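Please read the structure below before turning to the comments.
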Amino acid sequence: MTDHSIGTPEQLRDPNYTPALGKAIPLGIQHVLAMFVSNVTPAIIVAGAAGFGFGSNSPDFPELLYLIQMSMLFAGVATLLQTITLGPVGAALPIVQGTSFAFIPIMIPLVAGRGVDALAALFGGVLIGGIFHAFLGLFIGRIRFALPPLVTGLVVTMIGLALVKVGIQYAAGGVPAIGTPEYGSLLNWSAALVVIFVTLGLKFFSKGMLSVSAVLIGLIVGYFYALMVGMLSFEAIGTSWSRSAAFALPQPFKYGFEISFAAVLGFCLMAFISAIETVGDVSGITKGGAGREATDKEIAGATYADGLGSALAGIFGGFPNTSFSQNVGLIAMTGVMSRHVVTCGAIFLIICGLVPKVGGLIRTIPIEVLGGGVIVMFGMVVAAGVSMLSDVDWNRRNMVIFAISLSVGLGLQLEPGAVQHLPDTLRILMTSGLLPAAFIAILLNLVLPEELASEATEEVSGGMSGEAKGSLPHK
């Protein structure tokens, strides 16, 4: 897939090489298209959980436009920190930053049903969590031992499992429609299925940019389908476009500032996971694009940029940022390692974030159409977690760690009433499911002995002992 007309093989492997603008700009926009939907989806999900999202008829629904705008703007700002750097901040590599899915299971319990009033504490947590995330850059290399594939794979899988319900609800008509005859109707599902089938068709039967942007193109096709069947009207599109400003600057502390212990603790704990994810992405970029290992300076710089980008976003009403793994794959596909290409993409994101009309169009997407894209994306998060777990040596010890962590985390997520008597802070953290699962996995991985007696788990595993590396348990 490498296009040698852009430069020589040596130039293409050089992060500091600058292709001609005529080549660099389209390549940069390609990076944005690959992550665009994933980047704005967390804002839509959090607004929906708070009660002013799609289909809510809330007077605060226009606030969703601002959240979408900030998602684009600060993804671009954080990406610039990575590519052009600011002192020690940034890896000087082609790292694309975007709004992280990892924090959604933490954010949903914090805002659930509380409307815009919940955002002050939420963004206070984002700001403090971002500062803590940047602090991790001082010693990120020394804590990696505590997060092996068993732990990170479990966490990523749990993130996906926490979110798949959202995709089904969206495809069926959205939370506000639950209990109505329209919820789960054939019309609603048809829009979601159009998106899913188009996405799968492009992903598996096309190449290059069509394959990379499969979800985005699927949503566009679903959007036109919704227009054809009357789920969306041109009048609604025109109204949203005309009511959206052509240019607007972000507002610091637009929703106020409040310190919530649950929010701060949740974001700081998840910062560990996000930091390790970024280390993996940096290593993937240097290996795939330049054929070398990442340096300590690059890893520390990337972590500083992760944290500072998230902290800045929290000030203005944006969500935590992290490196986007799909763009690591895009670099491997194109063979273009230039950080200045990604800088072009970052500038494009910033421009989009300063033009609310872009967000005005996004918010006209019917929730059922978005549901089709979300089902694919969140399913891929689960699949990514399972892929990471395939690197685990599935001995009895690791099976016990995984079993207990998953049982407690997923169980609390499915039955939040089980901890209703806990203080509010602990209840919010526990019902996320993600943090208890991660904490248990990390703790057990550190304290359990490496070897368990051969008969130690037979009484609970039904003879499924799972002894092969990277294999499923077998008799």
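Contact order normalised by length for the chain, with contacts defined as Cα pairs under 8 Å and 6 or more residues apart; what percent is it? Let's see the in-between values first.
On the way: 914 pairs, mean separation 145.1, N = 475.
Result for the chain is 31 percent.
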How far apart, in nanometres, would the label points at Asp393 and Arg114 be if each is projected 7 angstrom from Cα along the Cα-to-Cβ direction? 4.4
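Just to verify a number: FRET efficiency for Asp424 and Glu10, C-beta to C-beta distance, R0 = 56 Å, to 0.05? All intermediate terms of the calculation are to be shown ahead of the outcome.
Working: r = 58 Å, r/R0 = 1.03.
The value I calculate is 0.45.
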When the Karplus curve 6.51 cos²θ - 1.76 cosθ + 1.60 is applied with θ = phi - 60°, which whole-Hz ³J(HN,Hα) does each residue of segment 248-260 get, with x for Gly and Pro? 7, 8, x, 10, x, 6, 4, 9, x, 9, 9, 9, 10
Placing +1 at every Lys and Arg Cβ and -1 at every Asp and Glu Cβ, with all other atoms neutral, what dipole size does segment 300-449 have around its Cα centre, in debye to the nearest 20? 180
Once phi for every residue in segment 105-110 is put through the Karplus expression 6.51 cos²θ - 1.76 cosθ + 1.60 (θ = phi - 60°), the whole-Hz ³J(HN,Hα) values, with Gly and Pro written as x, are x, 7, 6, 4, x, 5
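Do any of Lys203/Lys357; Lys23/Lys287; Lys207/Lys287; Lys165/Lys203; Lys23/Lys207 go past 25 Å between their Cα atoms, and which?
Numbers: Lys203/Lys357 29 Å; Lys23/Lys287 23 Å; Lys207/Lys287 23 Å; Lys165/Lys203 23 Å; Lys23/Lys207 19 Å.
Listed pairs above 25 Å: Lys203/Lys357.
Hey, can you rank 55-68, 433-446 by average C-beta count inside 10 Å, highest first? Walk me through the intermediate numbers first.
On the way: 55-68: 18.4, 433-446: 21.2.
Packing order, densest peptide first, comes out as 433-446, 55-68.
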Percent of Cα-Cα pairs more than 18 Å apart in segment 11-89, please. 57
Assign unit charges at the C-beta atoms only (+1 for Lys and Arg, -1 for Asp and Glu), then state the dipole size of segment 172-295 relative to its Cα centre in Debye, rounded to the nearest 20. 320
Kindly report the accessible area of the chain per residue (heavy atoms of protein chains, probe 1.4 Å, no ligands, DNA or RNA), in Å². 41
Quick check: Cα centre of segment 288-317 to Cα centre of segment 249-268, how many Å? 21
Two pseudo-spin positions, 7 Å from Cα along C-beta at Arg142 and at Glu415, lie apart in nanometres by 4.2
Restricting to Cα pairs below 8 Å that are 6+ residues apart, what does the relative contact order work out to for segment 392-454? Please round to a whole percent. 43
Translational diffusion coefficient of the chain at 20 °C, 1.002 mPa s, Stokes-Einstein with Kirkwood Rh over Cα pairs, in µm²/s as a whole number. 94
Picking from Ala214, Phe267, Tyr225, whose Cα lies most toward the positive end of the charge dipole for segment 191-302 (charges on Cβ: Lys, Arg +1; Asp, Glu -1)? Tyr225
Taking only the alpha-carbon positions of segment 265-342 and ignoring solvent, what does the Debye formula give for the base-10 log of I(q)/I(0) at q = 0.13, 0.14, 0.26 Å⁻¹? -0.42, -0.49, -1.25
Considering the Cα positions of segment 323-399, please state its Rg to one decimal place and its Dmax as a whole number of Å. 18.3, 55
I'd like the distance separating the alpha-carbon centroids of segment 1-64 and segment 89-133, in whole Å. 18
Whole-percent carbon and sulfur contribution to the accessible surface of segment 319-407 (1.4 Å, no ligands, DNA or RNA) stands at 74
Length-normalised contact order of segment 1-84 in % [C-alpha pairs under 8 Å, at least 6 apart]: 18
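Could you check how much of the accessible area of segment 41-144 is carbon and sulfur, as a whole percent, using a 1.4 Å probe?
Working: 1880 of 2930 Å².
Carbon and sulfur atoms account for 64 percent of the accessible area of segment 41-144.
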Lys/Arg Cβ at +1, Asp/Glu Cβ at -1, dipole of the chain taken about the Cα centre: which of Ala245, Pro436, Gly115 is farthest positive-ward? Ala245
Say R0 is 22 Å: what FRET efficiency, to the nearest 0.05, do Leu210 and Leu361 get from their beta-carbon distance? 0.50
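Any chance you could run the full-extension gain for Glu450 through Ala403? It's 0.36 nm times the residue separation minus the Cα-Cα distance, nm to one decimal. Don't skip to the end; give the middle numbers.
Working: separation 47, 0.36 × 47 = 16.92 nm, distance 1.63 nm.
Using 0.36 nm per residue and subtracting the Cα-Cα distance, I get 15.3 nm.
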In a solvent-free Debye calculation with one equal scatterer on each Cα, what is log10 I(q)/I(0) for segment 15-146 at q = 0.09, 0.12, 0.18, 0.19 Å⁻¹, listed in the order of the q values? -0.35, -0.60, -1.09, -1.15
Sites Val386 and Leu443 - FRET efficiency at Förster radius 25 Å, r taken between beta-carbons, to 0.05: 0.65
Counted charge near Ala226, where neighbours are those whose Cβ lies closer than 15 Å (Asp, Glu -1; Lys, Arg +1): -2
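Which value, in debye to the nearest 20, describes the size of the charge dipole of segment 275-324 about its Cα centre when Lys and Arg Cβ atoms bear +1, Asp and Glu Cβ atoms bear -1, and nothing else is charged?
Details: 3 positive and 6 negative charges, 18 e Å.
It works out to roughly 80 debye.
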Under the 0.36 nm per residue contour assumption, what length would be gained going from the current alpha-carbon distance of Ile25 and Thr180 to full extension? 51.1 nm
From the phi angles alone, apply the Karplus equation (6.51, -1.76, 1.60; θ = phi - 60°) to segment 221-230 and give each ³J(HN,Hα) in whole Hz, x where the residue is Gly or Pro. 4, x, 4, 5, 4, 4, 5, 5, 9, x
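The values are calculated or read from the model by the stated rules, or taken from the named source; none is laboratory data. Small disclaimer: the values here were computed from a predicted structure and weren't measured. All Cβ positions, glycine included, derive from the backbone under ideal geometry; neighbour counts span all protein chains shown. In case anyone asks, the SASA skips ligands and DNA or RNA and just uses the protein heavy atoms, side chains included. Shrake-Rupley method; radii C 1.70, N 1.55, O 1.52, S 1.80 Å.
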